[in-house]
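Take a look at the structure set out below.
The values are calculated or read from the model by the stated rules, or taken from the named source; none is laboratory data. In this text the structure is predicted, and so the values were computed from the model without any measurement. Virtual Cβ from ideal backbone geometry, glycine too; neighbours counted across all protein chains shown. With ligands, DNA and RNA removed, areas are computed over all heavy atoms of the protein, side chains included. Shrake-Rupley method; radii C 1.70, N 1.55, O 1.52, S 1.80 Å.
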Amino acid sequence: MKRSIAVRLGAVLATAAIAAGTGVVLSTPEATAATGTAGGYASQNGGTTGGAGGQVVRATTGTAIHAALCNRASSSTPIIIEVQGTINHGNTSKVSGNSCNTADDVIELKQISNVTLVGVGSGAVFDQLGIHVREASNIIIQNVTVRNVKKSGSPTSNGGDAIGMENNVRNVWVDHVTLEASGGESEGFDGLFDLKNNTQYVTLSYSILRNSGRGGLVGSSESDRSNSFITYHHNRFENLDSRAPLMRGGVAHIYNNHYVNIRESGINSRAGARVRVDNNYFQTSKDVLGTFYTSEAGTWHTNGNILDRVTWSSPGSQNNPAGPAMQSTTSVSIPYSHRLDGANCVPDLVNRLAGANKGVQFSNGNCSPTNPPPTNP
């Protein structure tokens with residue numbers, strides 16, 4: 001027994017020595033983890049628990065985040081990385097190791113699993129630096145801000161995506177985050193939340209996507225139809241030109257979101273996509289639902305939405321707006337339990353709850369905030 005304790009202690013001290021050199025601060029598994037439980041499609045396919053039960057570390061630089069991943073016993077060893085401060089190009093570098101595959105100038109969550117990345121303390125801001133999830137599974141990203149990530153100009157990161165996922169990604173919960181840009185493609189920005197090339201079982205909840213030309217897409221082209229089972233709920237889509245989201249193929253559930261000032265098109269269901277659109281509040285926006293910019297149509301199942309000063313374009317060969325009646329064109333069944341808030345309370349509720357640094361509260365399904373359980377399951 002004494003030898004076992006000594007071996008464990010030696011391993012801890014060795015890890016601590018490595019961590020000290022990279023800015024990682026070790027904590028205990030009992031320290032604060034992500035709050036709440038993943039819902040939506042991220043609760044399916046075995047569920048999404050991130051790094052629950054794993055070691056907790058504190059990171060104040062991008063290099064420290066990479067070091068925490070690389071210092072694990074394996075690429076699937078659970079870990080909770082608590083992030084505080086501003087993460088940028090100046091403090092983010094590639095770190096090597098057997099349990100990671102990182103890169104400079106981006107937060108790289110590649111070929112790994114069982115990871116939670118959560119903002120703590122005074123907050124975590126990824127400034128001009130994107131988060132890239134690739135060939136990964138069981139990931140939680142919570143309570144962080146990602147802003148002004150560029151694909152052209154200087155500096156560039158992550159192809160211009162605030163959060164991007166691609167290549168066989170499964171079970172990701174992104175919650176209480178703020179994703180924002182300062183313009184559109186002509187200013188060097190791309191999507192805020194893009195999912196590509198066989199990404200499935202993802203939930204985006206209680207988040208803000210704003211001030212960008214493009215909100216996010218599911219599928220990089222009309223032929224990329226391998227992405228599916230995406231839930232968007234209790235988010236605020238604000239000051240966007242389009243892609244809120246753009247959905248190519250697959251199934252999505254979009255409920256209890258607040259849309260404000262969508263200038264060109266909102267939910268763009270195309271290339272065979274099927275979207276269920278429940279109890280959203282669409283305000284001062286144009287063409288909030290339909291098939292746009294293609295002749296390859298998608299379909300929609302609508303219920304309980306409110307249209308407040310929404311305008312519609314005329315149908316054409318490349319545009320099929322759902323129109324004022326927003327009548328369903330398909331039927332989509334939802335396999336998980338959820339409680340819909342009334343659409344009339346969505347603007348106030350989402351304003352109070354969505355985004356980073358708001359206390360990570362959730363709705364109780366009766367238009368009121370509630371605190372989640374104190375620990376991540």
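Numerical summary
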item: Answer label, with volume of the Cα convex hull per residue in Å³ calculated from the coordinates and candidates (1) 186; (2) 249; (3) 122; result: (3)
item: Whole-angstrom gap from region 124-201 to region 35-81, using each part's C-alpha centre; result: 17 Å
item: Residues of region 143-185 with amide N under 20 Å of the 7 Å Cα→Cβ point at SER220; result: 149-153, 156-172, 185
item: Counted charge near ASN158, where neighbours are those whose Cβ lies closer than 10 Å (Asp, Glu -1; Lys, Arg +1); result: -3
item: Residue-span extension gain [ASN168 to ALA325] - 0.36 nm each, minus C-alpha spacing; result: 52.8 nm
item: Computed accessible area, ARG210, all protein chains, 1.4 angstrom probe, square angstrom; result: 70 Å²
item: Among beta bridges that DSSP assigns inside region 50-367, antiparallel share in %, nearest 5; result: 5 percent
item: Simple spin-label estimate for SER182 and ARG263 in nanometres, 7 Å along Cα-Cβ; result: 1.7 nm
item: Label zone at SER313 (point 7 Å along Cα-to-Cβ), backbone N below 15 Å, region 267-296; result: 267-270, 285-296
item: The chain: Lys pairs at Cα distance under 22 angstrom, eight or more positions apart or on different chains; result: 8
item: Helix-only [θ]222 nm of the chain, DSSP H runs n ≥ 4, -39500 (n - 2.57) each, per residue, nearest 500; result: -3000 deg cm²/dmol
item: Sum of side-chain charges, THR116 neighbourhood, beta-carbon under 12 Å (Lys, Arg +1; Asp, Glu -1); result: -2
item: Span-like helix ranges in the chain, DSSP H, alpha carbon extent 20 angstrom or more, Kyte mean at least -0.5; result: 2-20
item: Segment SER333-TYR293, extension gain: residue separation times 0.36 nm, minus the distance between their alpha carbons; result: 11.7 nm
item: Carbon/sulfur fraction of accessible area - region 50-367, other protein chains in place, 1.4 Å, %; result: 41 percent
item: Heavy atoms of GLU222: accessible area, 1.4 Å probe, square angstrom to 10; result: 40 Å²
item: Rough spin-label spacing in nm, given labels placed 7 Å along Cα→Cβ, for LEU340 and SER74; result: 4.3 nm
item: Gaussian network model of the chain, Cα within-10 Å springs - most flexible of ILE334, ILE131, ILE79; result: ILE334
item: Accessible area expressed per residue, region 65-170, with surrounding protein chains retained (probe 1.4 Å, Å²); result: 31 Å²
